[in-house]
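Taking it in order: structure first as structure tokens, then the write-up.
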Amino acid sequence: MDPAPRAGRWQFWIDRGGTFTDVVARRPDGTLAACKLLSEDPERYADAALAGIRQAMGLPLGAPLPTREIESVRMGTTVATNALLERKGAPTLLLVTRGFRDALRIAYQNRPRLFDREIVLPEMLYERVEEVDERVDAQGRVRVPLDAAGAARALADAYGAGLRSVAIALMHGYRFPAHEALLAELAEAAGFTQISASHRVSPLMKLVGRGDTTVADAYLSPVLRRYVAQISDALQGVRVLFMQSNGGLADARRFQGKDSVLSGPAGGIVGAARAAAAAGFDRIVGFDMGGTSTDVSHYAGELERTFETELAGVRLRAPMLRIHTIAAGGGSVLRFDGSRYRVGPESAGADPGPACYRRGGPLTVTDAHVMLGRIQPGHFPRVFGPAADAPLDAEVVRARFGELATRIRAATGDTRSPEAVAEGFLEVAVGNMANAIKQITLQRGRDASAYTLCCFGGAGGQHACRVADALGMTRIFVHALAGVLSAYGMGLADQVVMRERSLELRLEGGESLPALWAAAAALEADAVAELGAQGVDRARIRTHARAHLKYEGTDTALVVALGTGPAMRAAFEDAYREQFSFLMPGRALVVDAVSVEAVGAGEPL
């Protein structure tokens with residue numbers, strides 16, 4: 001089921017995670033090799049992905065890469081995700097219609113924690129806001145002409161202040177983009193190197209979601225571009241593809257910030273779905289436990305996507321695989337807060353890592369397994385410690401759990417042994433992971449026991465049976481490459497381009513269906529052309545058109561396959577009844593948007 005390589009050349013499929021970087025190499029003879037490296041080990045290498053390629057090819061660290069021997073590199077990365085979480089993106093200017101400078105800050109006035117009296121809102125991504133004199137109404141009439149001279153001055157001031165990234169989001173710009181396009185030209189003339197205009201980034205209704213997505217793209221794309229350039233420079237002449245949040249690959253030159261925030265986990269879902277299908281399992285719960293987090297997902301014949309999500313306090317309107325993530329991984333820190341055992345959300349990361357890594361790290365879930373003998377240092381490679389030549393340190397783990405048990409006894413009178421304390425922390429971790437799976441199964445009307453638990457990730461196999469028992473699941477599937485399945489999924493993925501457009505048409509209107517099909521045809525032509533520009537042969541491209549329908553007067557749109565009016569209504573009602581348990585007879589249906597997915601199938605299996 002692997003993509004077939006060209007004879008005599010290597011392929012590399014890489015998942016650069018928060019703690020580990022996984023590499024699956026397909027040798028010129030078609031056999032597979034896998035390796036796992038710490039994502040951060042500055043004393044030994046500058047980049048884990050490139051170090052993994054050298055290791056797989058038997059080259060010393062720092063040796064020139066023989067690029068003529070490499071056909072392609074497919075990669076998922078957390079670079080943009082980390083930049084978003086840590087607020088380390090590019091300083092960004094926001095250009096917005098005058099009177100709306102605080103629209104993204106005010107947003108929908110949601111309270112992150114309902115009963116807190118002091119509301120602490122997430123930090124905004126943009127550093128500076130400039131209002132532009134212009135206004136186009138919802139019908140496309142220009143109420144206030146664009147003040148190009150004033151906009152040029154504002155851009156020049158921001159450029160002089162050191163900003164090089166700009167996000168442009170104007171009222172109704174998704175439908176009437178002339179003013180945004182002119183501002184983009186002015187920004188380019190001013191010297192800005194990253195220009196994100198909302199009518200290109202997220203051509204959908206609602207200024208807040210569209211504006212947030214555009215700002216995120218401007219904020220993250222420069223960080224991503226630097227990393228992509230670093231990889232591409234080291235692999236000159238090699239075809240480099242990156243995994244997008246929607247589960248499809250994109251050429252490195254066309255990999256955007258808004259499409260990168262779930263780059264790594266997306267590869268895992270694709271790998272789990274393809275591997276499980278090949279093994280005969282068509283309904284799975286994906287359970288991907290790595291070093292920093294656990295990602296859970298649902299698959300029942302097709303990849304589930306969401307078109308609107310929130311990550312790290314930022315609303316993103318871009319197609320992404322539906323993934324539920326919790327801060328529970330092998331590196332999750334174990335703490336006793338005086339009365340309770342706590343697991344995470346803090347992670348020891350790759351450096352210093354768990355206590356057993358010999359870098360002075362804290363006790364983690366991994367250390368609990370070492371304490372209980374479920375991880376045997378003798379079966380692990382000697383790659384730990386400052387010189388990366390020592391085994392896992394079981395002695396320090398036993399000493400640290402002994403100290404923790406003493407502290408717990410002094411605080412509570414509990415006389416549990418150090419081993420029982422480690423077991424208690426694992427029970428908390430398993431409970432957290434089981435609850436995450438309940439959110440994508442029981443809370444959506446699905447019986448978890450009817451699914452197969454597809455378990456992967458470096459720490460997944462250690463917890464699979466206990467998680468399945470907690471959920472009443474009777475089948476577990478563990479692929480032979482489960483420890484590096486996210487990287488394996490990069491090799492199984494297709495190239496994908498997705499396009500969307502807001503419409504706001506009544507489904508039953510006389511001219512609605514022709515307008516809907518015309519919009520879908522235009523998006524399809526654009527998506528197919530984009531795949532062609534990425535080197536995909538037209539004969540390998542297939543397309544899927546979908547309508548986003550909602551009841552008139554509501555906000556929740558559900559996605560159905562594009563078809564006849566009655567067929568789309570029937571599909572919508574089935575989906576609506578499943579999600580909300582009722583229908584609204586007599587209420588008109590509105591086509592909120594249309595989307596097209598163009599898929600460039602991988603090499604023949």
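The values are calculated or read from the model by the stated rules, or taken from the named source; none is laboratory data. This is a predicted model, so every value here is computed, not measured. Here Cβ is always computed from backbone atoms with ideal geometry, including for glycine, and neighbour counts include all displayed protein chains. Note: accessible area is taken over every heavy atom of the protein model, side chains too, but ligands, DNA and RNA are not part of it. Shrake-Rupley method; radii C 1.70, N 1.55, O 1.52, S 1.80 Å.
Structure notes:
- For region 246-310, the spherically averaged projection of the C-alpha convex hull amounts to 5.3 nm².
- Protein heavy-atom surface of region 277-340, 1.4 angstrom probe: 44% of the accessible area is carbon and sulfur, with nucleic acids and ligands not counted.
- Note on region 409-549: with charges restricted to the Cβ of Lys and Arg (+1) and Asp and Glu (-1), its dipole about the Cα centre is near 200 debye.
- Rolling a 1.4 Å probe across the protein heavy atoms gives region 517-565 an accessible surface of 46 Å² per residue.
- Restricting the calculation to alpha carbons of the chain gives Rg and Dmax of 25.4, 76 angstrom.
- Along region 269-276 the Karplus relation, 6.51 cos²θ - 1.76 cosθ + 1.60 evaluated at θ = phi - 60°, assigns HN-Hα couplings of 5, 4, x, 5, 5, 5, 5, 5 Hz to successive residues, with x for each Gly and Pro.
- For 406, 364, the ranking by accessible surface with the largest value first comes to 406, 364, using a 1.4 Å probe.
- Our analysis of region 513-583 gives Rg over Rh at 1.09, with the two radii drawn from alpha carbon positions and Rh computed by the Kirkwood formula.
- Alpha-carbon centroids, region 567-593 and region 61-124: separation in whole Å: 34 Å
- Here's the picture: a label point sits 7 Å out from the Cα of residue 148 along the beta-carbon direction, and within region 93-114 nothing has its amide nitrogen under 11 Å of it.
- Inter-label distance, residue 233 to residue 469: 5.2 nm, where each label sits 7 Å from its Cα along the C-beta direction.
- Residue 465 accessible area, assembled protein chains, probe 1.4 Å, Å²: 90 Å²
- Taking the accessible area of region 94-221, probe 1.4 Å, and keeping the other protein chains in place, the carbon and sulfur fraction comes to 51%.
- Taking 0.36 nm per residue of sequence separation and removing the Cα-Cα distance, the residue 578/residue 435 pair yields an extension gain of 49.3 nm.
- FRET efficiency, residue 193 to residue 420 (Cβ-Cβ, R0 56 Å, nearest 0.05): 0.45
- If you plug the beta carbon distance of residue 529 and residue 253 into 1/(1 + (r/R0)^6) with R0 = 22 Å, you get a FRET efficiency near 0.90.
- Options 72, 59, 182, ranked by Cα towards positive dipole end of the chain, top entry (Cβ charges): 59
- The magnitude of the dipole of region 202-343, with charges of +1 and -1 set on the Cβ of Lys/Arg and Asp/Glu and taken from the Cα centre, is near 220 debye.
- Cα lying deepest toward the dipole's positive end in the chain, options 121, 568, 330, charges on Cβ: 330
- Ranked from largest, the principal axis spans of the Cα set of region 43-114 equal 59, 31, 23 Å.
- Cross-linked pairs 258/438; 206/258; 206/550: Cα-Cα separations exceed 26 Å for 258/438.
- Zero-based 10 Å bins, Cα pair distances in region 214-354, whole percents: 11, 31, 35, 20, 3, 0
- With viscosity 1.306 mPa s and temperature 10 °C, the Kirkwood radius over alpha carbon pairs of region 283-348 converts through Stokes-Einstein to a diffusion coefficient of 116 µm²/s.
- 3J(HN,Hα) along region 223-239: 5, 5, 4, 5, 5, 4, 5, 4, 5, 5, 5, 6, 10, 4, x, 9, 6 Hz, from the Karplus curve 6.51 cos²θ - 1.76 cosθ + 1.60 with θ = phi - 60°, whole Hz, x for Gly and Pro.
- With Cα atoms, 0 to 90° folded angle of helix 178-190 axis to the chain main axis: 60 degrees
- Highest average packing first - 554-567, 113-126, 328-341, 302-315, Cβ atoms within 10 Å: 328-341, 302-315, 554-567, 113-126
- Heavy atoms of residue 438: accessible area, 1.4 Å probe, square angstrom to 10: 70 Å²
- Surface per residue (accessible, 1.4 Å probe) for region 321-477, Å²: 43 Å²
- Every helix of 4 or more DSSP H residues in the chain counts as -39500 (n - 2.57), and over all residues that averages to -10500 deg cm²/dmol at 222 nm.
- Gyration tensor over alpha-carbon atoms, region 402-469, equivalent ellipsoid semi-axes in Å: 32, 14, 8
- Calculated P(r) tail over 18 Å for region 146-275, as whole % of Cα pairs: 61 percent
- Just so you know, the averaged projected area of the alpha carbon convex hull for region 462-605 sits at 12.5 nm².
- The candidates 581, 165, arranged from most to least accessible area with a 1.4 Å probe in the full protein assembly, appear as 581, 165.
- Region 317-403 has equivalent-ellipsoid semi-axes of 26, 18, 11 Å, by the square roots of 5 times the alpha carbon gyration tensor eigenvalues, sorted largest first.
- Surface share of carbon and sulfur [accessible, 1.4 angstrom probe, percent] for region 444-589: 52 percent
- Distance between the modelled labels on residue 69 and residue 102, one decimal in nanometres: 6.2 nm (7 Å Cα→Cβ projection).
- Built amide H within the under 5 Å cut-off of residue 246, gap 5+: 321
- Area accessible to solvent at residue 170, 1.4 Å probe radius, in Å²: 0 Å²
- Per residue solvent-accessible surface (Å²) - region 58-114, probe of 1.4 Å: 53 Å²
- With a 1.4 Å probe rolled over the protein heavy atoms of all chains, the accessible area of 379, 199 falls in the order 379, 199, largest first.
- Modelled spin labels at residue 31 and residue 409, positioned 7 Å past Cα toward Cβ, are 5.3 nm from each other.
- Quotient of C-alpha Rg and 2.2 N^0.38 Å, computed over region 395-509: 1.64
- The alpha carbon convex hull volume per residue for region 131-208 rounds to 81 Å³.
- Extension gain for residue 427-residue 206 works out to 75.2 nm (0.36 nm per residue, less the C-alpha to C-alpha distance).
- Residue 444/residue 185 FRET efficiency (R0 56 Å; Cβ-Cβ; nearest 0.05): 0.75
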